[in-house]
Structures are given as structure tokens and as C-alpha cells.
1. Which count do you get for residues in the range 229-263 that are closer than 30 Å to G103 by Cβ and of a type outside the set (D, E, K, R)?
2. Please pick out the residue among S43, S64, S108, S7 that is surrounded by fewer than 19 Cβ atoms within 10 Å (Cβ to Cβ) and modelled with pLDDT of 95 or more.
3. Being closer than 20 Å to K271 by Cα and free of Cβ contacts under 8 Å to residues at least 12 places away in the same chain: is that true of E51 here?
4. Which of the residues belonging to the range 185-237 are of a type in the set (A, V, I, L, M, F, W, C) and free of Cβ contacts under 8 Å to residues at least 40 places away in the same chain?
5. For the range 77-90, which positions are in contact (Cβ under 8 Å) with a residue 40 or more places away in the chain and surrounded by fewer than 20 Cβ atoms within 10 Å (Cβ to Cβ)?
6. Return the residues of the range 156-178 that are open to solvent by 20 Å² or more (accessible area, probe 1.4 Å) and of a type in the set (G, A, S); say none if nothing qualifies.
Amino acid sequence: MKKHFESITKTITFALLLLAFACTKNSEVSKTLRLAIWPSYISDEIVKNFEKETGIHVEVSNFSTNEELYAKLKAGGNVYDLVVPSDYMVQIMASEGLLEELGSSFDSVKSNIDKTFLGRSYDSANKYAIPYAWTTTGIALNKEMVKDSVSSWKALLSNKALAGKVALLDDGREVIGAALKSRGLSLNTTSDADLKTAKAILKQARSQVKLFTSEPYLALSNKEIAAAQIYSSDALQLIRDGKLKIDFVMPEEGASMAIDNFALPKGTKNKDLAEKFVSYVLAPAQYKINVESRLFGPVVKGLAAALPANLKDSQVLFPKADRVSKLEQMKDLGSKSEEFDRIWTEFKAE
């Protein structure tokens with residue numbers, strides 16, 4: 001009888017240990033925030049400080065295009081708790097039921113955002129997304145390799161001195177958009193004639209292109225390329241690093257401007273952790289550190305006054321009205337997206 005009692009006791013003890021272990025593991029899982037964000041788009045210091053202050057681990061994943069992020073969410077599986085899609089992709093994801101509504105718990109966070117960036121057409125009530133940062137697309141030039149003036153998309157895509165020395169973003173909307181802009185057309189056009197023009201421009205420009213990449217740093221560094229289509233924040237980081245003599249050109253025909261946003265994937269189990277992270281990152285003191293580190297366009301109100309003079313006076317972070325008037329946000333193209341995809345696929349395959 002004694003042995004039988006000891007056996008039961010051991011069984012119960014073992015079961016309790018298993019239960020405690022399972023609870024611990026579940027607690028660890030619930031304390032992990034899975035963030036999907038563009039490369040080099042959030043300060044490591046901010047993430048580490050947040051983890052230290054809250055005990056919440058942040059698991060950071062990167063994606064190179066909005067379409068890549070869209071495909072991952074479309075596939076399902078609840079792989080992320082917080083994502084950072086651009087404006088037009090917020091609209092697409094929300095319309096397809098891929099995003100959770102933010103709810104009232106995010107209202108206090110929205111109060112930190114400059115009204116200029118709220119109520120945009122892609123999410124007019126900011127029901128699904130909170131602006132995080134903005135960037136433009138432009139041209140990075142290695143000044144040691146480029147002697148001619150390259151001040152436009154037209155020059156990047158046709159200057160024979162750059163043949164085989166150009167990197168374009170691995171992003172169909174951005175590349176086709178640059179071709180359209182080079183002819184003074186909207187990057188959101190759905191006109192068959194305009195798209196035929198873009199296709200012809202890209203066909204002629206194919207010999208210019210060495211590679212497609214959303215991270216051209218290494219190729220610029222080893223002089224594999226002389227010029228690259230690039231996001232403004234990435235270009236400014238390259239210039240600050242000082243390892244290369246880089247110029248960043250805002251093309252004279254204009255360019256794309258993207259507002260990138262925090263959003264919640266449908267089915268996230270960690271909305272409370274996401275809210276804590278977003279509140280932390282968009283608090284003015286933390287956001288200032290982030291802007292100074294990642295050099296993206298700020299969306300938090302009143303931040304410009306707190307930045308050092310070299311950033312406060314930056315024509316990239318704070319472009320003048322004549323430049324702003326030439327910037328264009330991408331929009332959901334509906335069924336015409338398929339035509340853009342065809343043009344892009346054919347261009348890369350040539």
C-alpha cells in the first residue's frame with residue numbers, strides 16, 4: 001500500500017512539473033512580440049530598451065516589398081503580431097480581411113501623430129493603421145564612378161555611361177513607377193497606352209541593369225554598381241556611414257512617397273504587446289532616437305524642433321513645397337495590378 005501511495009505521489013508530482021513547464025513555455029510565447037518590418041527601419045537601441053523595460057522579447061523579421069509581406073499574411077498561420085505595410089498595401093490588406101481593427105486602446109497613440117499623416121485615403125479613419133514613418137524613392141550615386149549628371153529617372157534608365165552599372169529595387173511598383181515618372185506620367189496610371197509606354201522604356205533600359213535588390217549597400221560598396229534606385233532612409237544611412245562618397249538625388253520628375261504604418265495582422269494573439277510596443281516607439285523621446293538612427297521622415301508632431309541642426313535642415317527629411325508637390329503615393333490598382341505584374345515579370349526575365 002505504501003509503495004502504491006508513493007507511486008501515485010510521484011505521478012502527481014511529475015504531472016504538476018509538466019504543467020508548470022507548459023505554463024512557463026506559454027508565458028514565454030505570450031511575452032514575445034513578432035514584428036515584421038522593412039530592413040534597417042528600426043533602431044536596435046529602441047528594441048533593446050523596450051525589451052529591458054518591459055520584459056517583452058521582440059522577434060524582428062524583415063521583408064523587401066509590400067507584396068512579399070502580403071503573400072505571407074495571405075498564406076495565414078498567424079506568423080506575426082505587428083507588421084509595417086505601406087499606405088496602398090494597408091488598403092489592400094484591410095479590404096481582404098487580413099488586418100485587425102486597432103480599437104480604442106490605440107487612440108492615445110494616435111494623439112502623438114502629426115495630423116498631416118492621419119486620415120489619408122488608404123485608411124481615412126485610421127481604423128487599421130497608425131503611421132510610423134515616411135520615405136521617398138530616389139537615386140544613390142557613387143561619386144567616384146559617376147562623372148555625368150544624373151538628376152532624373154530618365155538619365156538613370158538611359159545614360160549609356162551607366163550601362164550595366166545600375167541596381168533597381170526588386171519591386172515592380174517602384175520600378176514601373178520610375179519608368180512612368182520619367183515620361184511625366186502618374187505612377188498610378190492604369191491607361192493601357194501609358195503602361196505600353198512604360199514597358200517600352202523598361203525594355204530599352206534592360207541593358208542598364210546589373211541587379212535587382214532592395215538593399216544595394218554591398219553592391220555600391222564593392223563598386224559592382226555605380227548607381228542605385230534606393231529608399232531615402234537607406235541612402236541617408238549610407239551617406240552618414242561615410243565609407244563611400246554617395247550623393248542622393250531626388251529625381252527632377254518626382255518620385256514615390258510612402259507612408260509606412262503599424263498594423264495588426266488578422267488573428268494576432270498578442271494585441272496588448274503590440275499596443276505597448278507601438279506606444280513606446282511613437283513616444284516623442286524614443287521616436288527621436290529612432291529618427292536619428294534610421295533617418296526616415298518623421299510623423300510624430302513637433303519632432304523637427306528637437307532634432308540636431310544637420311537633420312532639421314535636411315532637404316530629404318523636410319523637403320520644400322516644390323519637391324513635395326512632385327511626390328506621389330501609390331494606390332491600389334485593383335485588377336490592373338495583374339498587368340503591372342506581367343510587365344515586371346517580363347522585364348526581369350529579359
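1. So in the range 229-263, the residues closer than 30 Å to G103 by Cβ come out as 233, 257-263.
Right, trim to of a type outside the set (D, E, K, R) and you get 233, 257-259, 261-263.
Final tally of qualifying residues: 7.
2. On the way: S64 fails: modelled with pLDDT of 95 or more; S108 fails: modelled with pLDDT of 95 or more; S7 fails: modelled with pLDDT of 95 or more.
Of the residues listed, the single one that is surrounded by fewer than 19 Cβ atoms within 10 Å (Cβ to Cβ) and modelled with pLDDT of 95 or more is S43.
3. Yes, satisfied.
4. L185, A193, A200, L218
5. Scanning the range 77-90 gives N78, V79.
6. Across the range 156-178, the qualifying residues are S158, A161, A163, G164.
The values are calculated or read from the model by the stated rules, or taken from the named source; none is laboratory data. Source: prediction; values computed, not measured. Here Cβ is always computed from backbone atoms with ideal geometry, including for glycine, and neighbour counts include all displayed protein chains. SASA here: full protein model, heavy atoms, side chains in, ligands and nucleic acids out. Shrake-Rupley method; radii C 1.70, N 1.55, O 1.52, S 1.80 Å.
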